[in-house]
Every structure is written in structure tokens, then in C-alpha cells.
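The values are calculated or read from the model by the stated rules, or taken from the named source; none is laboratory data. Since the model is a prediction, treat every value here as computed from it, not as a measurement. Note that we place each Cβ from the backbone using ideal geometry, even for glycine, and neighbour counts take in every protein chain shown.
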């Protein structure tokens, strides 16, 4: 039985961490080949699970040291019906993999959770297509497509679902509706370009407000990921209702555009201290942002810097 599905602790109190850039860490720091940029096949080999465990535990250790809760993601950003077959997974194998991914992170929770530091199991759903290019899915089609993964998580011990790196409203709406139909709380995390807008030109404000309007505000909260703070901080207006719906940030380490990152052969880790300072300013201006993590190019060093900048009292 899911532990927090009906009582998400991050909605009530305290600050929570998440991990950083899983795929970029594995590829550029660990030298692991990830076809289709997919981490989920690592769950099917002992060595792969060891790599994932080492990766996750670096962040879990920071959360324990700081006395913080943790949002523990499944490595399933690519584990959907279009990407799975490219990696040798038919529909049955893919469903089993999604459920097994939750079993895997649940074992980590048993090792690392303490009463004062809850660990929430988060079933990750990624975009059907390329997170950097407009997928332009209609809500009904997106709901039907992503229901497969949402229902798998509902049949596991996952506490929640997160739609990560969303770049169009239709797909976000479909995932929220699929999550609701499956009885799962969900979060939507949009990604933006260097101008603070989605790739199709829609503002972040419009994306959040339209998704809420189409789903009766079902999403537990929103996040922004896979963009540097310099790309979106000016788009956030202090005190506005839509901004208060953003409860978390998972920024990129690099200030490069998505196109520049796609074309890069080396990892740009940016400046961890500057990233931490930018997170601190975001939190000062927008106190609702209490879930802190990273995305492409970030690793445990960036999360340490973010904690140092944003949560100095917790470091004692």
C-alpha cells in the first residue's frame, strides 16, 4: 500500500530535496551509454542497479544530513509506449518495468527514511516525444497515451506522479487527467526556452492557468525544470496566484539554450555557487518554492550549493 498517496507531506511542511541530472550524470560522469537517453533499462541488470543506487544515495545522504524530506524519482522518464519498443520492451515488459521501478526506490526508502525526513516515491512520466521540441498533443490523445504509465504507477506503491519536462499544455492536461482517473496525485513540471516561454511561444503563466482550468486545478502543484533560472526568473511576478502554484524548481546547471545543449559534446556544469544564489533569490521572492532539485548538468555538488545558499540553518 502506498504510504503517502493520500497525504503528501511536501504539501504541509518543510523543505524537500530531489536529485539532479540523472541521465547527464550517468553519461558524462559515469561513462554509461544510455540509448535514447533512457535510464530505466539499468534496472534490469545488477550493475545498472548498483549505478543507480550510488547515484541516488549521494542525494539521499545530503537530505539526511540536512534533516530534509526527499522526493525520490523513478528512473522512468523514457519508459513510455513510444520509447520502450526502441529499447526492446513490449507493452507487457514496459508495464512490469514501471512497477518494478517503484519497488526499487521503495527499497531505498526503507534504508534511508526517518520519521522526521519523509521520502515520497514519485513515478516519473516524460513527454511522448522530444522534451525540447513542441509535441502539441491534444488532451484526449495525451490522456489515452499516458494512462498506460499512470495506471502502472497506481498499481504500485508510488505516492505520486510527476510529468517532467512538459513543453505543451495539451500533453500536460492529458497526464493530469490520466493521473486523476488512476487515483494518483500529480505534479506538472514545465520546461521553457531562454525567453521564459514554452517552445511554442506560450507563456508559463498561460501554461499553468490553462492546465488548471482544463483539469479543475487537480495538479498538487507545478514545477519548472530543464531550464536555467536566468531563463525564467524574470517571467515570475511576485504575489500572483499562478506563481504561487509553482512549488518546486529543478534547474539546469548551464545557461545554454536547449539547442546548444543538444549540440554539445561536453557537459557544461555551470557555476554551482551561482546556481545556489539564484535559487536563494527565487525562494526569497517566491516562498512557495520548497521542493529543490536539479536537472541537466547538475549533480550532488550543485545540490550541496543550493542547500548552502537556501537552507543555511539546516547545515548546523
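Criterion first (crowded, with 17+ Cβ neighbours inside 10 Å, touching a residue at least 60 places away in the same chain (Cβ under 8 Å) and closer than 23 Å to residue 23 by Cα) does residue 87 satisfy it?
Working: crowded, with 17+ Cβ neighbours inside 10 Å: yes; touching a residue at least 60 places away in the same chain (Cβ under 8 Å): no; closer than 23 Å to residue 23 by Cα: yes.
No, not satisfied.
What are the pairs with Cβ atoms under 6 angstrom where one residue, in the range 124-139, is on the phi < 0 side of the Ramachandran plot and at pLDDT 75 or above and the other, located anywhere, is surrounded by fewer than 19 Cβ atoms within 10 Å (Cβ to Cβ) and assigned to a loop (DSSP other than H, G, I, E, B)? Sequence gap at least six, or different chains.
127/135; 128/82; 128/135; 129/135
Suppose the filter is farther than 23 Å from residue 246 by Cα and in a helix (DSSP H, G or I); does residue 100 pass it? Before the answer, list the steps.
Numbers: farther than 23 Å from residue 246 by Cα: yes; in a helix (DSSP H, G or I): yes.
Against the criterion (farther than 23 Å from residue 246 by Cα and in a helix (DSSP H, G or I)), residue 100 qualifies.
Please go through the range 36-50 and pick out each residue that is within 20 Å of the chain's Cα centre (by Cα), assigned to a helix (DSSP H, G or I) and in contact (Cβ under 8 Å) with a residue 40 or more places away in the chain. Outline the logic, then answer.
We begin by selecting, within the range 36-50, every residue within 20 Å of the chain's Cα centre (by Cα); these are 36-43, 49.
Restricting the remaining residues to those that are assigned to a helix (DSSP H, G or I) gives 36-37, 40-43, 49.
36, 37, 40, 41, 43, 49 - these are the residues of the range 36-50 that are within 20 Å of the chain's Cα centre (by Cα), assigned to a helix (DSSP H, G or I) and in contact (Cβ under 8 Å) with a residue 40 or more places away in the chain.
Give the residues of the range 56-70 that are in contact with a helix residue (DSSP H, G or I) (Cβ under 7 Å, 6 or more places away or on another chain), buried (at least 18 other Cβ atoms within 10 Å of the Cβ) and within 27 Å of residue 41 (Cβ to Cβ), sorted by residue number.
Of everything in the range 56-70, those that are in contact with a helix residue (DSSP H, G or I) (Cβ under 7 Å, 6 or more places away or on another chain), buried (at least 18 other Cβ atoms within 10 Å of the Cβ) and within 27 Å of residue 41 (Cβ to Cβ) turn out to be 56, 59, 60, 62, 70.
Residues that are under 20 Å from the mean Cα position of the chain (by Cα) and at pLDDT below 95: find the helices (runs of 4 or more DSSP H) completely inside the range 191-310 holding 2 or more of those.
Numbers: elements: 204-215, 229-232, 241-244, 258-263, 272-285, 300-310.
Of the helices (runs of 4 or more DSSP H) lying wholly inside the range 191-310, those with at least 2 residues that are under 20 Å from the mean Cα position of the chain (by Cα) and at pLDDT below 95 span 258-263.
Could you please tell me which pairs satisfy a Cβ distance under 6 Å, a separation of 6+ or placement on different chains, a first residue in the range 197-213 that is touching a residue at least 12 places away in the same chain (Cβ under 8 Å), and a second residue that is assigned to a helix (DSSP H, G or I) and crowded, with 21+ Cβ neighbours inside 10 Å?
So the pair list comes out as 198/207; 207/169; 210/169; 211/169; 211/172; 211/173.
Looking only at the range 9-30, count every residue that is within 23 Å of residue 304 (Cα to Cα) and either part of a loop (DSSP other than H, G, I, E, B) or in contact with a strand residue (DSSP E or B) (Cβ under 7 Å, 6 or more places away or on another chain) (or both) and tell me the total.
12
Is it true that residue 288 is touching a strand residue (DSSP E or B) at 6+ places or on another chain (Cβ under 7 Å) and surrounded by fewer than 19 Cβ atoms within 10 Å (Cβ to Cβ)? Even if it seems obvious, please write down each step before you answer.
Details: touching a strand residue (DSSP E or B) at 6+ places or on another chain (Cβ under 7 Å): yes; surrounded by fewer than 19 Cβ atoms within 10 Å (Cβ to Cβ): yes.
Spelling it out, residue 288 is indeed touching a strand residue (DSSP E or B) at 6+ places or on another chain (Cβ under 7 Å) and surrounded by fewer than 19 Cβ atoms within 10 Å (Cβ to Cβ).
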